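A.B. asks: Here's a structure for you.
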Amino acid sequence: MKPSELKALINLLDDPDEEVYTHVKERLMDLGDEIIPLLENVWEMGDPFNNMVQTRIENIIHDIQFANIKKSLIDWAKNNSHDLLKGIILVAKYQYPDLDEKQIHRKIDQLIQDVWIELNDNLTGIEKVKVINHILFDVHGFSGNTTNYHAPQNSFINNVLETKKGNPLSLSILYAIIAHRLELPIYGVNLPEHFILAYVADNEILKVITQADNEYGVLFYINPFSRGAAFSKKEIDAFLAQLKLKPKDSYFKPCSNIDIVKRALNNLINSYEKLGYPKKSEELRELLDALSNFE
């Protein structure tokens, strides 16, 4: 599109005719991310008393960013779901489209480095988990956010790294990312009401010993919301009985990264509904639906 055509389009944003605005919006959205800096500049230079134009620009920018996140999430599910951090960063970009990804990676790299220094091959699974617990909860001071348990901020990885507080899912995600980078067999478990982790025995261990906690090859479970406390399948059975839920395989065995991101989106939907933000809940449902065909 020629600069003159683009300028003419933007000038039409103050047209009161909704049909004209709809046409202009569609044309601008077709241009994608590249148009955002220009729109932001127009917004900054615009008349603060012309609320209609300012609001329209904000809506167009938001819709372009939302479409980009949706496309990126689908691409992640198709091609990069092995990278949990990438998926959970995309979730955070829904609320913080301009977040600094490099800063997130730097903070997580530091946590990984601090854990790695304390690990060695002679440690048992439990001992390795104790090392992670010490670094994450004692040294760096991460903890469960019991005061504002349902706050949406608990689900955004950038906020969790900054405030060092999270919900069971976000703390488990951080824990699992660290474990994965250090090649420790720790995976998420989609337990209702309270996300947890499983420390899984590899096939060689299972051939030699029979210490696996259950038929899924889990040696023990981990609760990052309780400072990494380890527990067994019996505790899950008791928890399900308390909730009056029948046991299912998915409550005991590791789940996929796609399932984890879906759960993060569900948590956010519930959080924003409690806070009275139906539009955000609706958009997050759209992102969740975009992942419905992926396991």
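Here is a yes/no grid of residues against (1) under 23 Å from Lys262 (Cα atoms); (2) at pLDDT 85 or above:
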residue	(1), (2)
Leu182	no, yes
Ile186	yes, yes
Pro192	yes, yes
Lys207	no, no
Thr210	no, no
Phe220	no, yes
Ala229	no, yes
Ser232	no, yes
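A.B. asks: Select the helices (runs of 4 or more DSSP H) contained entirely in segment 14-116, then report the ones holding at least 1 residues which are at pLDDT below 90 and under 30 Å from Ile177 (Cβ atoms).
C.D. replies: Of the helices (runs of 4 or more DSSP H) lying wholly inside segment 14-116, those with at least 1 residues that are at pLDDT below 90 and under 30 Å from Ile177 (Cβ atoms) span 36-45.
A.B. asks: Looking at segment 85-102, can you tell me whether even one residue there is among the charged types (D, E, K, R) and within 21 Å of Asp259 (Cβ to Cβ)?
C.D. replies: Looking through segment 85-102, at least one residue is among the charged types (D, E, K, R) and within 21 Å of Asp259 (Cβ to Cβ).
A.B. asks: Next question. Taking Pro3 as meeting all but one of (1) surrounded by 15 or more Cβ atoms within 10 Å (Cβ to Cβ); (2) over 30 Å from Asn154 (Cβ atoms); (3) not hydrophobic (A, V, I, L, M, F, W, C), write down the number of the exception.
C.D. replies: Condition not satisfied by Pro3: (1).
A.B. asks: Moving on to the next point. Just for segment 236-273: of the residues that are in a helix (DSSP H, G or I) and of a type in the set (Gly, Ala, Ser), which one is modelled with the lowest pLDDT?
C.D. replies: For segment 236-273, the residue satisfying everything is Ser250.
A.B. asks: Does segment 118-126 include one or more residues that are out of contact with any strand residue (DSSP E or B) (no Cβ under 6 Å at 6 or more places or on another chain), acidic (Asp, Glu), at pLDDT 95 or above and over 28 Å from Lys248 (Cβ atoms)?
C.D. replies: yes
A.B. asks: Could you tell me which of the residues Leu243, Leu265, Leu291, Leu284 is aliphatic (A, V, I, L, M), farther than 21 Å from Lys71 by Cα and out of contact with any Ser or Thr (no Cβ under 8 Å at 6 or more places or on another chain)?
C.D. replies: Leu243
A.B. asks: Also: I'm trying to understand the selection: among the residues of segment 52-84, which are of a type in the set (Gly, Ala, Ser) and closer than 16 Å to Ile35 by Cα?
C.D. replies: Ala67
The values are calculated or read from the model by the stated rules, or taken from the named source; none is laboratory data. Because the structure is a prediction, the values reported are computed rather than measured. As a convention, Cβ positions derive from the backbone with ideal geometry for all residues, glycine included, and neighbour counts pool all protein chains shown.
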